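The values are calculated or read from the model by the stated rules, or taken from the named source; none is laboratory data. Everything numeric here is computed off the predicted structure, so don't read it as measured data. Here Cβ is always computed from backbone atoms with ideal geometry, including for glycine, and neighbour counts include all displayed protein chains.
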Amino acid sequence: MFHALQRTLDKVAGQTLQLELQVRSQGITYAVERAQMPPGVPQEANQPLFEFRSLNPRYQFESFVVGPSNRLAFSAAHAVAEAPGVTYNPLFLYSGAGLGKTHLLQAIGRTCATRGMSVLYVTSEQFTNEFIAAIRSRTTEDFRKRYRSVQMLLVDDVQFLSGKEQTHEGFFHTFNDIHNSGHQVVVSSDRPPRELPLMEERLAPGSNGA
């Protein structure tokens, strides 16, 4: 089982990973680390773990079907993946349901995660649930650390934050902290910013839509 899991991880990650399996009384914890690079190849100190549990392995740039209606979004997403925090930051992706927003969002995340960046992908529903749970359990500081320590935040379907004033405010505090640190923020919606008044106000003038 261990070797089968190792092969699966290597295939999904596109590289050789070192898998450590720790059995604890509370359950099983998986720790995935990058394999050691050959001598002479520089490595950044304290490289973050490559976590891909929330990223669908099918959603990669190579598998995205580019057409006239989504060429701009694809180009912008690819540019962000190549130069995160530099080009199109923040990036706002919008289109109708089922037209590839999630695919591009996760493709950005997977590309950057494989290069050693700390990447967090969540849906707006996940963000909302975690935010509310943190308030109720009085663990908002842990919530802030989880979100604001990443180098890239990807939030899918931000239109669902509309009407949730407290969650909306919490999201933009997180958004501002990450963005002001020079790190990348990418959000997606099935509606353009002009139809999300609070979102448009917060994202302008520094946002880029595709």
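Computed quantities for the displayed model
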read-out: Residues of region 181-193 that turn out to be at pLDDT 90 or above and farther than 17 Å from Gln126 by Cβ, as a count; value: 4
read-out: Of all residues in region 93-120 being under 15 Å from Val155 (Cα atoms), in a loop (DSSP other than H, G, I, E, B) and of a type in the set (S, T, N, Q), the one that is farthest from the chain's Cα centre (by Cα); value: Ser95
read-out: Some residue of region 122-140 being closer than 13 Å to Gln184 by Cα and part of a strand (DSSP E or B); value: no
read-out: Test: residue in region 91-108 that is over 17 Å from Ser189 (Cα atoms) and not charged (D, E, K, R); value: no
read-out: Cβ pairs under 6 Å, 6+ apart, first in region 180-197 and in the same structural domain as Tyr88 (by TED's automatic domain parsing), second among the acidic types (Asp, Glu); value: Ser188/Asp156; Pro193/Glu200; Arg194/Glu200
read-out: So Pro84, is it over 16 Å from Phe172 (Cα atoms) and within 12 Å of the chain's Cα centre (by Cα); value: yes
read-out: Count - residues of region 169-200 that are under 19 Å from Ile135 (Cβ atoms) and buried (at least 19 other Cβ atoms within 10 Å of the Cβ); value: 4
read-out: Residue match in region 173-192 (condition: over 19 Å from the mean Cα position of the chain (by Cα) and among the charged types (D, E, K, R)); value: yes
